[in-house]
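The values are calculated or read from the model by the stated rules, or taken from the named source; none is laboratory data. These numbers were taken from a predicted model, which means no experiment stands behind them. FYI the Cβ positions are ideal-geometry reconstructions off the backbone, even for glycines, and counts take in every protein chain you see. Areas reflect the complete protein model, heavy atoms only, side chains present, ligands, DNA and RNA absent. Shrake-Rupley method; radii C 1.70, N 1.55, O 1.52, S 1.80 Å.
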Amino acid sequence: MLHFYYGVMGSSKTAQLLMQRYNLQQLGIKVALVKPAIDTRAGVDVVFSRAGLEANAEVVLQPHHSVREQLMWLAVQNAHNDFQFVLVDEAQFLSPDQVIELADMAENLEIFCYGLKTDFQSNFFPGSSALFRLAEDIQEVPGGLCWCGKKATMNTRINEQGQVIKEGEQVLIDNQQKIRYIGLCYQHWRQGKAHA
Ligand SMILES: [Zn+2]
């Protein structure tokens, strides 16, 4: 089955993914950890959570990669030849074609995709849109809070001065931390208020 666990920035999606992986591994179940290459915050293959957990992805997907081929290569390469679970971090960066491949593969595998629903302008990421269309199980990862204490639902891009940025490319990742992403409630996202 294909699962999509979506959540706002700061909702500990990656921590939940890494805990799920740990729990499965404790039971002796083989897991393949996958991430799209576009997220370079913590090195190319590191899956990193703000809560401090991290692991190395076994498959780093480029946009043109076939997920099926990459997972078959992983199975041939090493002892993962009988993995039953596939966990995908930052799944919003999957291409729609990759999501279609995952949906087809999920007839025989448990595939959990963790990622954002929308970008800083509230538009779907192409990968998230495809996951909403095709995933058989869709759940929200709770826990993201706005500074006002209300539930955060909106992803927000802010600059060094803590000001809300409303214009720009959909994907902009700055490893020098000149821009950051936070979760805001709808009201404060709409008003562009990133703090009290
Ligand atoms: Zn708020």
Original post:
Check Ala194: other-chain or 5+ apart residues with amide H under 5 Å from its amide H, H built from backbone geometry?
Top reply: Val164
Original post:
Calculated FRET efficiency, Lys151 and Arg50, Cβ-Cβ r, R0 22 Å, to nearest 0.05?
Top reply: 0.75
Original post:
Rounded to the nearest 500, what is the chain's calculated 222 nm mean residue ellipticity when only DSSP H runs of at least 4 contribute -39500 (n - 2.57) each, over all residues?
Top reply: -7500 deg cm²/dmol
Subject >> the chain - share of DSSP beta bridges that are antiparallel (%, nearest 5) >> reply: 35
Subject >> ³J(HN,Hα), Karplus 6.51/-1.76/1.60, whole Hz, each residue of the stretch 159-169, x for Gly, Pro >> reply: 8, 4, 7, x, 8, 6, 9, 10, 10, x, 5
**OP:** Pop a pseudo-label 7 angstrom from the Cα along the beta-carbon direction at both Gln139 and Ile179 and give the gap in nm to one decimal.
**Re:** 3.2
Subject >> Dipole magnitude of the stretch 2-140 about its Cα centre (Cβ charges: Lys, Arg +1; Asp, Glu -1), debye to nearest 20 >> reply: 360
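Which whole-number percent of Cα pairs in the stretch 81-196 have a distance greater than 16 Å? Can you show the working numbers first?
Values: 4265 of 6670 pairs.
So the portion of pairs separated by more than 16 Å is 64 percent.
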Subject >> Solvent-accessible area per residue for the chain (1.4 angstrom probe, square angstrom) >> reply: 51
**OP:** Would you please calculate the Kirkwood hydrodynamic radius of the chain over all C-alpha pairs and express it in Å, rounded to one decimal?
**Re:** 17.2
Subject >> Karplus-derived HN-Hα couplings along the stretch 109-116 (A = 6.51, B = -1.76, C = 1.60, θ = phi - 60°), whole Hz, x at Gly and Pro >> reply: 9, 8, 10, 10, 9, 10, x, 7
Original post:
In the structure shown, do any of Lys13/Lys117; Lys150/Lys178; Lys117/Lys151; Lys13/Lys193; Lys35/Lys193; Lys35/Lys117 have a Cα-Cα gap over 22 Å, and if so which?
Top reply: Lys150/Lys178; Lys13/Lys193; Lys35/Lys193
Original post:
Across the chain, where is the longest run that never hits trypsin sites (Lys or Arg not before Pro) in a DSSP loop with at most 13 other C-beta atoms within 10 Å?
Top reply: 51-149
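Please report the carbon-and-sulfur percent of the accessible area for the chain; probe 1.4 Å, protein heavy atoms only, DNA, RNA and ligands left out.
Answer for the chain: carbon and sulfur cover 51 percent of the accessible area.
Let's test the formula: R0 of 30 Å, r as the Cβ-Cβ distance of Gln25 and Trp73. What FRET efficiency results, to the nearest 0.05?
With a Förster radius of 30 Å, E is 0.90.
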Original post:
If amide H atoms are built 1.01 Å from N in the plane of the peptide, which residues on other chains or at least 5 residues away come under 5 Å of the amide H of Lys117?
Top reply: Gly7
Original post:
Taking the alpha-carbon centroid of each part, what is the distance from the stretch 41-115 to the stretch 144-196 in angstrom?
Top reply: 27
